[in-house]
Amino acid sequence: ALSVHDDHFSTRTDRDGVHITAIGTSGSLAASCRPHHQSGVCVATINVPSTWLQDGPISVLYGLNATVATQSTIGETTPHPSELSAYTDNLLMNVPARPMRATDTFDVVIEGRAVQDIESTKFVVT
């Protein structure tokens, strides 16, 4: 999700679009969205190919122009293959990898992986 505003922080702008670009080791993909006339918010989605998840870093850029040279970098991430953890007979808890403050909230996704159906389980998070 992206948000635009003018020099006075008003979100009521006349921008036609916001552009994002994802750059992987084997190329780049782009998307755009049109900001809402009052909130200034828009959502653009890029579906990266699965090969990008194995090849190395992915950079994400954004701007008011589709030309990559004029866009600003949001950040870069290096995907880690899910094969790093066992696929059976375990519970896998996914937590944020970013720094957190004591007042921050986040969702924890817990997956149970087993050869047979799991009827119930217990675990302790410390």
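The values are calculated or read from the model by the stated rules, or taken from the named source; none is laboratory data. Remember, predicted model here, so these are calculated numbers, not experimental data. Here Cβ is always computed from backbone atoms with ideal geometry, including for glycine, and neighbour counts include all displayed protein chains. For accessibility, only protein heavy atoms count, side chains too; no ligands or nucleic acids. Shrake-Rupley method; radii C 1.70, N 1.55, O 1.52, S 1.80 Å.
Of all residues in region 96-113, those that are among the hydrophobic types (A, V, I, L, M, F, W, C) and surrounded by 11 or more Cβ atoms within 10 Å (Cβ to Cβ) total 2. Look at region 52-70: where a residue is closer than 22 Å to CYS42 by Cβ and a partner is open to solvent by less than 80 Å² (accessible area, probe 1.4 Å) and part of a helix (DSSP H, G or I), sitting 6+ places away or on another chain with Cβ atoms under 9 Å, you get ILE58/TRP52; LEU61/VAL68.
Against the list (1) modelled with pLDDT of 85 or more; (2) in a strand (DSSP E or B), the condition MET93 fails is (1).
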